[in-house]
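Written out below as structure tokens is the structure these notes cover.
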Amino acid sequence: MAFAEKLVAVRRAHNLTQDQLAEKLYVTRQAVSRWERSEVTPGIDMMKLIAAVTGEPLAHLLEMPKHYCESCGMYLTPDDCGTDAAGNKTDHYCKWCYDRGGYTYETTMEAMIEDCAPRLAENTGMTLDEAVSLMGAVLPQLERWRAVHENEQRYGAEARERYGNEAVDAVNERILDMDPATWNDMKELEKAILGQLSIALGDGGATGPEATKLVQMHRRWIGLQWGTEPERDIYLGLVRGYLADPRFVSYYDGPCGKGATAFLVTAVEGTLGE
């Protein structure tokens, strides 16, 4: 779907007229009309504003190719595909970023943008600033960077204040270097924990076998992110902090019911002997 069609669909999904969208974007109705008729395509900074105003991920608004690297964002041809642990080609990553089920080099998102933006500008005719702006908007949506970016936005400031930059950076590096198999295991365990929390909550006993199983699963999940299961006191402090943060309360109470977060804390305290 071309950008013009996507823009029309997004505007209508939000029940906005062209005038109303134009007002939010600080442009004229005629400008929105020209975009929707494919007469003009807005620049990357305006697309970023459209994404921010509508809540639509920028990657959805852009005319992204069907297959692109989930690390650097480059278009993938069959000859460019990386390989999984079994040596089979994957259409999720390019061969320069990913080989035999693992990333080929360690980097940061900022370093990748600095390295790739000049080539993107040269190949597309963009200015360097436009290429940097585009990659800065797209890369956080890609699989390799998404979790770290979202965690930093939601919890970064508090986590760095509580645990220090070194500890948080180490967790981020652990996630960035995580191979897809381990990543998938972590995400599956995350889903299973919410299911087990519902089961333990229904069972009613914060020190019963279902609650004990929940705590074991949850501590192992934290360990996958940290590289090792947290020590007892650190783990207790981490979980107790959930109750003071409405984002964590929403994360657990939302799918599992009111009081689920408090139950998890009580279960951890009971299992660890507090």
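Cα to Cα, under 20 Å, and not fewer than 8 places away if on the same chain: which aspartates and glutamates meet these conditions relative to Lys66?
Glu5, Glu56, Asp79, Asp80, Asp84, Asp91, Glu143
Decide, for segment 74-131, between rounded, prolate and oblate: order the square roots of the alpha carbon gyration tensor eigenvalues as a ≥ b ≥ c, take rounded if a/c falls under 1.5, and otherwise choose prolate if a/b is larger than b/c, else oblate.
oblate
For the residue pair Val8 and His60, what label-to-label distance in nm results when each label sits 7 Å from Cα along the Cα-to-beta-carbon direction?
1.8 nm
Between Asp91 and Trp183, what's the calculated FRET efficiency when r is the beta-carbon distance and R0 is 25 Å? Round to 0.05.
The value I calculate is 0.90.
State the percentage of accessible surface on the chain attributable to carbon and sulfur atoms; use a 1.4 Å probe and exclude ligands, DNA and RNA.
Within the chain, the accessible surface is 50 percent carbon and sulfur.
What pairs in Lys89/Lys187; Lys213/Lys258; Lys48/Lys258; Lys187/Lys258 have C-alpha atoms more than 28 Å from each other?
Going by Cα-Cα distance, Lys48/Lys258 fall outside the 28 Å limit.
For helix 180-203, report the angle its Cα long axis makes with the longest principal axis of the Cα atoms of the chain; keep it between 0 and 90° and round to the nearest 10°.
Tilt relative to the chain: about 50 degrees.
Exposed loop trypsin sites (Lys or Arg not before Pro) only (DSSP loop, at most 13 other Cβ atoms within 10 Å): please give the longest stretch of the chain free of them, not including the sites.
My reading of the result: 101-257 is the longest stretch.
If N is the number of residues in the chain, what value comes out of its Cα radius of gyration divided by 2.2 N^0.38 Å?
Scaled against compact globular proteins, the figure is 1.20.
If you stretched the chain out fully between Asp115 and Ala157, how much longer would it get, using 0.36 nm times the residue separation minus the C-alpha to C-alpha distance?
Gain in length upon complete extension: 12.4 nm.
Per residue, how much accessible area does segment 1-157 show when a 1.4 Å probe rolls over the protein heavy atoms, in square angstrom?
Ligands and nucleic acids excluded, the figure is 56 Å² per residue.
Which chymotrypsin sites (Phe, Trp or Tyr not before Pro) does segment 11-111 hold that lie in a coil by DSSP with at most 16 other beta carbons within 10 Å?
Answer in residue order: Tyr26, Trp96, Tyr105.
Provide the per residue accessible area, probe 1.4 Å, for segment 218-270, rounded to a whole number of square angstrom.
47 Å²
How high is the relative contact order of the chain, given as a whole-number percent (alpha carbon pairs under 8 Å, six or more residues apart)?
It rounds to 11 percent for the chain.
Taking only DSSP H segments of four or more residues, each worth -39500 (n - 2.57), what value at 222 nm results for the chain once the sum is divided by all its residues, to the nearest 500 deg cm²/dmol?
It lands at -20000 deg cm²/dmol.
The values are calculated or read from the model by the stated rules, or taken from the named source; none is laboratory data. Just so you know, these numbers come straight off a predicted model, no measurement behind them. Positions of Cβ are backbone-derived with ideal geometry, glycine not excepted, and every protein chain shown enters the neighbour counts. These accessible areas exclude ligands, DNA and RNA; they are computed on the full protein's heavy atoms, side chains included. Shrake-Rupley method; radii C 1.70, N 1.55, O 1.52, S 1.80 Å.
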